[in-house]
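Worksheet: one structure, shown below.
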Amino acid sequence: MGKRTILYDTHVAMGAKMVDFAGFDMPLHYGSQLEEHHQVRQHAGIFDVSHMVVVDVLGTGARDYLRHLLANDIDKMAHRGSALYSCMLNEQGGVIDDLIVYFIEPQHYRIVLNAGSAQKDLAWMESHVEHFALGLHRRDDLAIIAAQGPQTQALLTNLHDPFITDTIHTIGRFECAYSDNLFIARTGYTGEDGFEIIVPNSEAVALWQRLCAAGFKPCGLGARDTLRLEAGYNLYGQDMDETTSPLCSNLAWTVAFQPEDRLFIGKSALLAEKQQGLNQKMVGLVLLDKGVLRSHQRVLLADGKEGITTSGSFSPTLGQSIALARIPKGDYDHCDVIIRDKPYKAQIVKPPFIPFNSSKKH
C-alpha cells in the first residue's frame with residue numbers, strides 16, 4: 001500500500017481506478033481516461049495533486065537564497081502575488097527538478113515540488129541554506145486541487161464564495177492570491193486556463209465535493225498526462241532529469257543569465273554549454289502512420305543520426321499519436337520512429353501540439 005492523500009477515500013467512493021504514482025495511491029481515471037481528457041479540453045475538470053509537496057521559504061534571506069538556488073530569477077516577480085516557473089539545477093547544469101515559486105511576502109515565498117523528487121529536492125535545498133537567514137517549512141498539512149478547463153472560471157463562481165469569485169476575476173496567469181485558509185494560483189499543467197487551489201487537509205474533502213456539485217468532473221493521472229503532453233509540458237524524470245540541462249530540454253526560456261552578477265547554481269556549466277554549442281534539442285513528433293508512440297523509442301533521421309523519444313501517447317485532441325523526443329541538433333522535418341522493430345513515419349514539429357487554452361472541438 002502506498003501513501004495516500006487526504007482525498008483517497010473520496011476517490012475510491014467515486015469509483016476511481018487507483019494506481020501507484022511516486023509512491024502514492026492515486027486515481028488513474030474514474031471510468032474513461034478519454035472522456036476525462038475531452039472534459040478538460042471542452043469543459044472543466046478537477047485533479048487531486050496533493051501528492052505534490054508545498055514548501056514555504058521564510059526569512060529575511062529568502063530572496064537571496066532563491067536567487068542563488070534557482071535558474072530563473074525571482075526578481076522577475078515584480079509584486080506580491082506573482083508566480084514564476086523555474087528549474088533547480090545541480091552544479092553540472094542538470095535539472096534536479098522543475099517547480100513553481102510564488103511571491104507571498106518579501107520574507108515569504110512558496111514552492112511546489114514534484115512528488116517523485118520531493119525528498120531529493122528538500123535534501124538539496126537544505127544543503128544550501130547555511131549562508132542565508134531563512135527556514136524551510138514543508139507543509140504536509142495542505143492539499144492541492146487543480147481546476148482546469150475553459151469553463152473553470154464560470155463553475156468556480158457557482159461556489160458563491162466571495163474570495164474565490166473576486167480572485168478568479170482579478171488575478172492573471174501566473175499570479176496568486178491568498179486568505180487565511182485559501183491559496184489560489186492561476187497555474188496548471190494541462191494547456192488550459194485554470195487554477196490550483198491549496199487548502200488545509202481538513203477542508204479538502206468538502207472543497208472537492210463542492211467543486212463536483214458546482215459542475216466539475218473528477219479526472220485522473222491518465223488524462224493529466226495526455227493533456228500536458230499535448231501542451232508540450234515536460235515531465236520530470238522522462239523529458240528532463242539531472243543528466244540533461246534546460247538548454248536542451250526546451251526550457252532555455254526559464255534560465256535568466258542576466259544580471260551577470262547573479263551566480264545561481266549551475267550557471268557556469270550552462271554558460272560553458274552555450275559556448276561549446278548545443279549538440280541536441282527537444283522536438284515534437286506527430287506520427288503519420290498508424291501506431292502508438294511511447295517513451296524510449298529510437299528516432300532515425302535522414303542523415304543516419306539517431307535520437308530517442310522521451311514521452312509519447314495518443315493525442316485525443318488531434319486524433320494522432322504524438323511524442324516529445326531528444327534528437328541531434330540539425331534541420332530536420334521528418335523522421336522514422338522504431339516501434340516493435342519497424343519504422344513508422346513521423347513529422348517533426350515544435351511543441352506545443354495544440355495552442356494554449358484550445359477550445360478545438362473533436
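Where a number appears in this text, it was derived from the coordinates with a stated rule and is not lab data. These figures come from a predicted structure and were not determined experimentally. A quick note on method: Cβ atoms are made from the backbone with ideal geometry, for glycine too, and the neighbour counts reach across all protein chains shown.
Let me spell out the model: positive unit charges on the Cβ of Lys and Arg, negative unit charges on the Cβ of Asp and Glu, origin at the Cα centre of the chain. What dipole size does that give, in debye rounded to 20?
960
Once the mean 1/r over all distinct Cα pairs of the chain is inverted, what Kirkwood radius in angstroms do you read off?
So the Kirkwood estimate lands at 21.3 Å.
Once Lys and Arg get +1 and Asp and Glu get -1 on their Cβ, which of Ala62, Pro106, Gly94 lies farthest toward the positive end of the dipole of segment 34-112?
Going by the charge dipole, the pick is Pro106.
Enumerate the lysines that Lys350 could reach by cross-link, defined here as Cα to Cα under 27 Å, with residues fewer than 8 away along the same chain left out.
Lys76, Lys267, Lys274, Lys281, Lys290, Lys305, Lys329, Lys342, Lys360, Lys361
Sort 147-158, 336-347 for me by packing, meaning the mean count of neighbouring Cβ atoms within 10 Å per residue, highest on top.
Top of the packing list down: 147-158, 336-347.
Measuring from label point to label point, each 7 Å out along Cα→Cβ, what is the Asp9 to Leu301 span in nm?
5.5
What ranking do 259-270, 195-206, 215-226 get when scored by the average of other Cβ atoms within 10 Å per residue, highest first?
Peptide ranking by packing, descending: 215-226, 195-206, 259-270.
Expressed as a whole number of Å, what is the distance separating the alpha-carbon centroids of segment 87-133 and segment 297-362?
What the calculation gives is 31 Å, centre to centre.
Can you spot the aspartates and glutamates whose alpha carbon is less than 13 Å from Lys120's alpha carbon? Ignore those fewer than 8 places along the same chain.
Asp97, Asp98, Asp241, Glu242
Rounded to the nearest 500, what is the chain's calculated 222 nm mean residue ellipticity when only DSSP H runs of at least 4 contribute -39500 (n - 2.57) each, over all residues?
-6000 deg cm²/dmol
Hey, can you rank 231-238, 304-311 by average C-beta count inside 10 Å, highest first? The partial results should precede the final answer.
Numbers: 231-238: 19.4, 304-311: 17.8.
Descending packing order for the listed peptides: 231-238, 304-311.
Using a cut-off of 20 Å between alpha-carbon atoms, which lysines can reach Lys17, once sequence neighbours fewer than 8 places away in the same chain are excluded?
By straight Cα distance, Lys17 reaches Lys3, Lys217.
How large is the convex hull of the C-alpha atoms of segment 72-224 per residue, in Å³?
Per residue, the Cα convex hull of segment 72-224 comes to 133 Å³.
Could you run the Karplus curve 6.51 cos²θ - 1.76 cosθ + 1.60 with θ = phi - 60° over segment 218-229 and give me ³J(HN,Hα) per residue in whole Hz, x for Gly and Pro?
My calculation for segment 218-229 gives x, 9, x, 5, x, 5, 4, 6, 5, 5, 5, 5 Hz in order.
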